[in-house]
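> After the structure tokens below, expect a handful of questions from me.
FYI, it's all coordinate maths here, none of it is from the lab. From a predicted model like this one, the values you see are computed outputs, not experimental measurements. All Cβ positions, even for glycine, are placed from backbone atoms using ideal geometry, and neighbour counts span all protein chains on display.
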Amino acid sequence: MSVPRSRKRFYLLGALVIVAVLATLYAARVGFLLLGATEGDVPPLSSIPLPAGSEVTQVSTNCASGGCWTLISVRPPDGTTP
């Protein structure tokens, strides 16, 4: 026994609506993230994995037309060379 044509169309329409809603939610999220982004966004210092015992001595953030970056001076742990 086959499924009537109207039922297949109903399922297809339901699937298309679900996909459209998910695509709209994704586009809204991406748009929201882009609205909050600025040229000055740089990762936080805590995102850099440093060896145990090392010490951050200086942090400076600079910006130019290509974006921003952070320069970090690190003193290595005792017994290691820079």
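> Name the residues in region 43-59 that are within 23 Å of Thr81 (Cα to Cα) and touching a strand residue (DSSP E or B) at 6+ places or on another chain (Cβ under 8 Å), would you?
Leu45, Ile48, Leu50, Ser54, Glu55, Val56, Thr57, Gln58, Val59 - these are the residues of region 43-59 that are within 23 Å of Thr81 (Cα to Cα) and touching a strand residue (DSSP E or B) at 6+ places or on another chain (Cβ under 8 Å).
> In addition: Are any residues in region 1-58 loosely packed, with under 10 Cβ neighbours inside 10 Å, assigned to a helix (DSSP H, G or I) and in contact (Cβ under 8 Å) with a residue 24 or more places away in the chain, and if so, which ones?
Those that are loosely packed, with under 10 Cβ neighbours inside 10 Å, assigned to a helix (DSSP H, G or I) and in contact (Cβ under 8 Å) with a residue 24 or more places away in the chain: none in region 1-58.
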